[in-house]
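Structure first, then comments.
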Amino acid sequence: MIIDLSSALKHPGQSFAFSVEGNIADIDLYGDLIQIQSPVKVEGSVMYTGSSFFVKGNLKAEYKTKCALCYENVHEAVNCDFDEEYIPAESNESVDAYSITGNTIDITGMIEDNICLHLPLKHTCSDACKGLCPECGCNLNNETCSCQKKVEQSSLENEAAVNNKENPFAVLKGMFSDDDEEA
Ligand SMILES: [Zn+2]
Ligand SMILES: [Zn+2]
């Protein structure tokens, strides 16, 4: 995604509109694959101050990923504004700044960064997603299985076993009953 700077360079202080489309590579978001659909649409304006370029505008990107709970496909979109400053390499002291090549700026990296900034940390297909059964792996949104009953049953049994062993009142109860026998 390249922006031509020649008009802005000739007329410092004046804003020049641009509209570009391009592809953004898939993003690995903490292990989740974010597949950015093509094209990503970017509209904005560029202005030369005499020493740097201000590039601001709006980007629209649609993407596909998986629900964190049931792994079904999730389609989402990012629609956000950006406002960045580009400083020519010769006066560029900041390592983090985006670079300029000749009379053009390639905004692809900046657009990718802005998409990443606006992605939620976790995607789910719906707020009510029930996820997968931890036992048999079936999608609990579409299917029911009997595993959950078994899990609940065995956890109740475990709880009962723990209570018998560790409940301090069980010991007290034993002491009192001993006293009763002695009395
Ligand atoms: Zn889901
Ligand atoms: Zn199951």
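Please treat every number below as a calculation from the coordinates, not as lab data. The structure displayed is predicted, hence computed values, not measured ones.
Size descriptors for the stretch 10-71, from the alpha-carbon set: Rg then Dmax equal 16.8, 55 Å.
Can you classify the stretch 2-117 as rounded, prolate or oblate using the Cα gyration tensor, where a ≥ b ≥ c are the square roots of its eigenvalues, rounded means a/c under 1.5, and otherwise it's prolate if a/b beats b/c and oblate if not? Prolate shape, in that a/c is at least 1.5 and a/b is the bigger ratio.
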